[in-house]
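Reading through the structure tokens given below for one structure.
Bear in mind that the values in this text are calculations on the coordinates, not laboratory data. No experiment lies behind these values; they were computed from the predicted model shown. In this analysis, Cβ positions are derived from the backbone assuming ideal geometry, glycine residues included, and neighbour counts consider all displayed protein chains.
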Amino acid sequence: MSQTVPAVSVQQVSVHVKKATLLNNVSIDVAPGEWLSIIGPNGAGKSTLLRSIAGVIECAGIVEIAGTPIAHLSSRQRAGLVSWVPQTPTIPVGMNVLDYVLLGRTPHLHPLSSPGKADIEIARRVIDDLDLTGLADRLVETLSGGERQRVVIGRALVQESPVILLDEPTSALDLGHQQEVLQLLDRLRSTGDRTIISTMHDLTLAGQFADRLMLLAAGEIAATGPASTVLTSELIETHYRASVNVTTVDGAVLVVPRIHPPNSSATKEP
């Protein structure tokens, strides 16, 4: 029986910068249509791992997209397979929302050609889905942080690549738009067989939408599996140095910080 080729395969990937080790022998396979959410404290290596998969930084080890090493792909070929949403994207000055989102169609166009009617329809559909319809003609630099974040996600979605990488995609979004964006991504992977790898600080959201979580700590995998096995108070307290309550409501794992009042006995010295 033939085995399904992973959408993304990371094998013994390490990243060293001067004397610092950012990633150390990380290995994981992500199946087509799977949503993997990478969690971990600041400095754990989450963004570095996404950049390694995206092919925007050099790393030791092997990263494959649909069985092909990214090192063998041109930037245009890579863009056809992987959409990349960084935390701090570079946005050209003087570009409106529609034109910026249309940049995601570049891998589908012949060199020097302009987007056609079908490309514009795809871009407008994504703009509508992301609640940006009234902003299509606005300059991107005039938007709020949350609006810009949705525009950057829109550019990645119109790319229509089979793999989408998102680095903290909801960090600047209000609660309503967090739900809209994550539900849209969930629909895309369900109906379009997209594979999603995201980093998220909100552990509850990460657990609700991802099929599998991977906890990174000090550049190494500390745990991987469903939310019920990774989002435990013991693991969170060990690696985040945070006191939390973990409970389950309607099948969803909820992580709630345990805050001690300033005058409580928990804060008093013996």
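Structure remark: mean-square fluctuation, Gaussian network model of the chain, C-alpha springs under 10 Å; the largest value among GLY94, GLY80, GLY225 belongs to GLY94.
One quarter of the surface of the convex hull around the alpha-carbon atoms of the chain equals 18.6 nm², the direction-averaged projected area. Residues in the range 93-98 carry Karplus couplings, in order, of 6, x, 10, 7, 4, 4 Hz; the curve used is 6.51 cos²θ - 1.76 cosθ + 1.60 with θ = phi - 60°, and Gly or Pro positions show x.
3J(HN,Hα) along the range 240-251: 9, 6, 10, 9, 9, 10, 10, 9, 10, 10, 6, x Hz, from the Karplus curve 6.51 cos²θ - 1.76 cosθ + 1.60 with θ = phi - 60°, whole Hz, x for Gly and Pro.
If only the Cβ of Lys and Arg carry +1 and only the Cβ of Asp and Glu carry -1, the dipole of the range 8-267 around its Cα centre is close to 560 debye. Spatially, the range 16-92 and the range 180-203 are offset by 17 Å when compared through their Cα centroids.
Near the amide H of ALA242, within less than 5 Å, lie the amide hydrogens of GLU237, all on another chain or at least 5 residues away, with H placed in the peptide plane.
Spin-label pair VAL17-THR4: with each label point 7 Å from Cα along the Cα-Cβ axis, the two points sit 3.5 nm from one another. Kirkwood's formula applied to the C-alpha pairs of the range 41-167 gives a hydrodynamic radius of 15.5 angstrom. Between the residues MET95, GLN3, VAL256, the greatest Cα displacement towards the positive end of the dipole of the chain, with unit charges on the Cβ of Lys, Arg, Asp and Glu, is found for MET95. The 3J(HN,Hα) values that the Karplus relation (6.51, -1.76, 1.60; θ = phi - 60°) gives for the range 23-38 are, in residue order, 9, 9, 6, 8, 9, 6, 10, 10, 6, x, x, 8, 10, 9, 10, 9 Hz. Gly and Pro appear as x. For LYS18, a cut-off of 16 angstrom between C-alpha atoms picks up these aspartates and glutamates, skipping any fewer than 8 places away in its own chain: GLU58. Near the amide H of ALA31, within less than 5 Å, lie the amide hydrogens of ALA7, all on another chain or at least 5 residues away, with H placed in the peptide plane.
I want to verify a result. In a Gaussian network model of the chain, Cα cutoff 10 Å, which of these has the top mean-square fluctuation: VAL246, VAL82, VAL93? Answer for the Gaussian network model of the chain: VAL93. Across the options LEU135, ALA242, ALA222, the greatest Cα extent toward the positive end of the charge dipole of the chain (unit charges at beta carbon of Lys, Arg, Asp, Glu) belongs to ALA222.
Compared with the rule-of-thumb size 2.2 N^0.38 Å for a compact globular protein, the range 142-270 has a Cα radius of gyration ratio of 1.23. Take the Cα of GLU121, step 7 Å toward its Cβ, do the same at VAL256, and the gap between the two points is 4.9 nm. Here's how it looks for LEU173: its modeled amide H is under 5 Å from none belonging to a residue 5 or more places away or on a different chain. Comparing mean-square fluctuations of GLU141, GLU64, GLU168 from a GNM of the chain with C-alpha springs under 10 Å, the top value falls on GLU141.
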